[in-house]
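Q: Input: one structure, supplied below.
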Amino acid sequence: MSGAAGKYDETVDGGTGEPGEPVHGGTDRTDRDGTGGPDHIGTGGTGSPDHIGTGGTDHGGTGESGRGRADGTAGRIPRGFRVGRWEVTEPIADGGWGRVYEGRDTTVDPAADQPEAGEGGTGTGAAGGRVALKFLPTSGLAPRQAERLAETARREIEFGSRARHPRLMTLLDSVVLGDCEVPGLDGAVVLVMERAESSLQDLLDAADGTPLPEADRLLTEICEGLAHLHRLGWVHGDLKPDNVLIMADGSARLSDFGLAAELEGTRGTHGYIPPLGSPDYLPPERWRAPLDERGVLVRPTADVWALGVIIHQVWSGGASPFPGATFTARASAVQEYAEGRAPLRLHVVVPEFWRVLATDCLLPAHTERAAHTAESLLERVRAVGQGDGSPVARPRTGLRAVAVATGAALALFGAGGAAWWQWGTSDGASPKPSEARLRVYNADDKCRARTDRHPLCSLGLAIDPTVPYVLANVVDTRVWHGDALVVECGMERGVPVADEAGARSSRWYRVRLPTPEKSAKTVRTTAWLPDVRTESNPSVPACAG
Amino acid sequence: MSGILIHLPSAHRTEPTTTRRLGPGEAARFGRGTKAHPVELLLPDPAVSRLAGEIRVTEDHWQLSNYSTTHSYLVENPEGAGEYLRVPPRRSGAPIPFEFARVVLPTRGSTVSFQVFAPDHVYLDADDPGGAWGTRTLNAYSLDETATYFLVLVALCEPRLRDESAVSVPTTPQVVERIRPHPALTRLTARAVNAHIDYLAEQKLRVRGPQDVGAAGSGARRTGKREAVVGVALRFGLVREEHLALLPSRAPGAPLPERARPGGHR
């Protein structure tokens, strides 16, 4: 298994345990592919992920429509059950198509699971040797059902063995069980995958109608995964938030390749997949697509359509761009739009840049959509992300416009102008010599050039760095580029935060507020600044507790 | 979501029936029509109002508005063993739940009627009911397992389900003979079976088969269509071994090799 583990290494965050300086401005985004996630999160099995690597509970169809399959025929898989060199620990999810368990690599010393061990995970292919084991039982099925299940497994394995990328879920191994003591498991196929923390769908469910924090980063990562997948000559076939998994470091990965198809035809224009799909993510042409024994024709533009829906959902907190309470209503709205009887009405919260991008992804005819390949979309995203100063996308809009567009003052990514202002000293409150200080840094070069403390260039401070950085978690005080703040201590493992240039970090500093914020009950004297908001590297103790 | 199909009877016996497709969100008015106010669906019977009503496609079904101030319209389910609903005068947008419907307008003496098919009705996957559909991976070709067309499909698939080596697909007369013992289908005709096969091939499964490349005669075309329908239905598990139980049991002593009980052997 060293082969898979070795390959996995490429995808694991190289910066484990080495809190390097985040790179600001001008970062070549392709670098991010190599580093995976926030630099400062130990990938060594932090916390206990309670989610899995295989598409949540919901990719029912890919497992296929056999009945009586898993239930009844396959008993519960006991703790300690061995699959190759993995051992079942906890059940994760159950579906009509099979079951997912958490597994542990028995060749790894459990002690390596401790965060202190730091790099425990990197050598083994998963944090602390933890993996997700997806059981696809085949016994008790009619031959044809078993065939179809085998096909699902075959697609996953075929794809998984070829595609290794930090934005694609890695298939570590696949095992076919022989005779075993658990009834119904003889001949089952077990897919061994990386363990994820949650899925994009989980984030959307929790978003409650508000844009996801770090929406632009998540979408960029999804674009990266999709562009890579298409570059390899494959179509995902079932792209949806359930199949975008969120790793422990907060990075997104595409998963669930049970419907992935390799492109064929003389120019590699299309593939064929079983006639399955998630209604809300199907392009309009799919509803009229003819079917033959190869299946239904699928083109890369189908994934691009799904991406358009996902972009809208990430900004609108889960809402489809098409109106309707039921998926049949939304699917019929898709047809009305595709036939030109209804306009595309995107939610106002979607920032201009992403709105244009989503509109291109959602062009009604697949021939029109074909002009917008995943690659070209990714280029556009990167162009804006790198701050090329594109006049259309910038100050008001684009990646930076999270706060503006949502009307929320959580301007983590404020846009606009900045001030070289140091209130720490200018008001005469000179710090004690022992106090460490840092200087606020704004990754937006336009903001760095300004000195008028424009609200659009203001940056926020968090109340609690361990919960998502949203409006409710931001203090009233704003800071601007160049401000000097007194630092009390640092913390390595907060919520990962990315800046406009793509630098990411989960390190936070507790800083003293220049003026305590008094409310009826409390007086707040400190708040938290994300590490990406400073280029200083103050030597401060770790925060207690 | 592809909308609905409306089959209007011909005004004269010599003319074929006209078929009209309405996409999601589209509407069509029906009635006798006038030069000043033409209607999309013409019912040239003196007893029908000039503007008698309207059909509008909504989601996977359709709505019927009754513009008459005096007459109720009936919507029958031809497969529903007498199932029908009444749309009273001036009712606006009554939702019609039937996949197959016949709209009946009262006239003196006989009745005027036309058929509306709604092939978009969605059925949950058998093994995974409930849950959030929008994110669920569904079979995009869902069939009503209680419909006559499904029984026709099972009959077509039966030889291959029972015995892999049998590659032949039953002919229309064989299908008629096979499912006629079913108590609800004693009056099934070959024409009806052909219509069901066409509906399956064109509206439900949308098979891409020999009929698309322009076969010679209509007989050959239908054979190709039948084979394509069976191939797709079996390949993607739309018809499975357990569905054989839907077919009426064979008459005792029937001179056919398949004596096994429904449910299949092997």
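All of the numbers you see were taken from the coordinates with simple rules; none came from a lab. Everything numeric in this text was worked out from a predicted model, so none of it was measured. No Cβ is skipped: glycine too gets one built from the backbone with ideal geometry, and neighbour counts run over all protein chains shown.
Q: If we count other beta carbons within 10 Å of each Cβ, what is the order of B:His7, A:His366, fewest first?
A: Working: B:His7 13, A:His366 18.
Lowest to highest Cβ neighbour count: B:His7, A:His366.
Q: Still on this structure, please answer the following. Return B:Lys204, A:Lys240, B:Lys35 ranked ascending by Cβ neighbour count within 10 Å, so the fewest neighbours appear first.
A: Lowest to highest Cβ neighbour count: B:Lys35, B:Lys204, A:Lys240.
Q: Can you sort A:Phe327, B:Phe236 by how many other beta carbons sit within 10 Å, fewest first?
A: B:Phe236, A:Phe327
Q: When the Karplus curve 6.51 cos²θ - 1.76 cosθ + 1.60 is applied with θ = phi - 60°, which whole-Hz ³J(HN,Hα) does each residue of the stretch A:174-189 get, with x for Gly and Pro?
A: In residue order, the calculated couplings are 9, 10, 9, 6, x, 4, 8, 7, 7, x, x, 9, 4, x, 5, 9 Hz.
Q: While we're on this one: Tabulate in residue order the Karplus-calculated ³J(HN,Hα) for the stretch A:523-536, using 6.51 cos²θ - 1.76 cosθ + 1.60 with θ = phi - 60°, rounded to whole Hz; enter x for Gly and Pro.
A: 10, 9, 10, 10, 8, 10, 10, x, 4, 5, 9, 8, 9, 5
Q: Convert each backbone phi in the stretch B:169-178 into a coupling constant with the Karplus relation 6.51 cos²θ - 1.76 cosθ + 1.60 (shift: θ = phi - 60°), then list the ³J(HN,Hα) values in order as whole Hz, x for Gly and Pro.
A: After applying 6.51 cos²θ - 1.76 cosθ + 1.60, I find 10, x, 7, 4, x, 5, 5, 4, 5, 5 Hz.
Q: Expressed as a whole number of Å, what is the distance separating the alpha-carbon centroids of the stretch A:332-358 and the stretch B:34-69?
A: Answer, in whole Å: 32.
Q: Another question, if that's okay. Once amide H atoms are built 1.01 Å from N in the peptide plane, which residues 5 or more positions from A:Glu102, or in another chain, come under 5 Å H to H?
A: Those qualifying (amide H under 5 Å, at least 5 residues apart or on another chain) are A:Thr89, A:Glu90, A:Ile92, A:Leu133.
Q: Moving on. Hey, can you grab everything whose amide H is under 5 Å from the amide H of B:Arg208? Only 5+ residues off in sequence or another chain; H modelled, so Pro and N-termini drop out.
A: A:Leu291, A:Asp292
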